[in-house]
1. Report the FRET efficiency, 1/(1 + (r/R0)^6), for residue 139 and residue 23, where r is their Cβ-Cβ distance and R0 is 35 Å, rounded to 0.05.
2. Please state the shape class of the chain: rounded when a/c is under 1.5, otherwise prolate if a/b exceeds b/c and oblate if not, all from the C-alpha gyration tensor.
3. Could you work out [θ]222 nm for the chain from helices alone, using -39500 (n - 2.57) per DSSP H run of at least four and dividing by all its residues? Round to the nearest 500 deg cm²/dmol.
4. Quick check on packing: order 160-172, 60-72, 142-154 by the mean number of other C-beta atoms within 10 Å, highest mean leading.
5. Whole Å is fine, so just give me how far the alpha carbon centre of the stretch 16-59 lies from that of the stretch 83-125.
């Protein structure tokens, strides 16, 4: 399946979550087993035989791709969630939103010192969430091996916030 074919599986929802925004909805890609498998195959090829100990998936759609990829690569999976969703003691990172801020958490024992962690999410927009996730891994004395996502909205320059990490996206949108 080509990259153009994969892009056609993603639904554009105009004016969501607010006027002027085009939301890239991956649920239409997920329900197509061939497209979903193709995205996973691309990620597996990229990260197979790499020294990765864990995959950390960002709530919520990062769980879908991160969990499946962890299974395919035979490594552990760590969920990173919004505050109040994890049952054991957590560590927290705050990041800026367009208006205000948000937080992300992981269990304090999720990443051991020295473990190499691949961060996975469905989308890179401004890069704030993934930058906060990287800081969590580093707070735990883990190493961010890289960052992978399905979609990158390159026109929002999120990759800039993610330097010096190795960032990979399956699909890139250069404009809204």
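Read-outs throughout are calculated quantities, based only on the coordinates presented, and are distinct from any laboratory measurement. Predicted, not measured: the structure shown is a model, and the values here were computed from it. FYI the Cβ positions are ideal-geometry reconstructions off the backbone, even for glycines, and counts take in every protein chain you see.
1. Numbers: r = 31 Å, r/R0 = 0.89.
Given R0 = 35 Å and the Cβ-Cβ separation, E is 0.65.
2. Judged from the Cα gyration tensor, the chain comes out oblate (a/c at least 1.5, b/c at or above a/b).
3. Theoretical 222 nm ellipticity from helices: -8500 deg cm²/dmol.
4. Numbers: 160-172: 15.7, 60-72: 19.3, 142-154: 21.8.
Top to bottom by mean Cβ count within 10 Å: 142-154, 60-72, 160-172.
5. 18 Å
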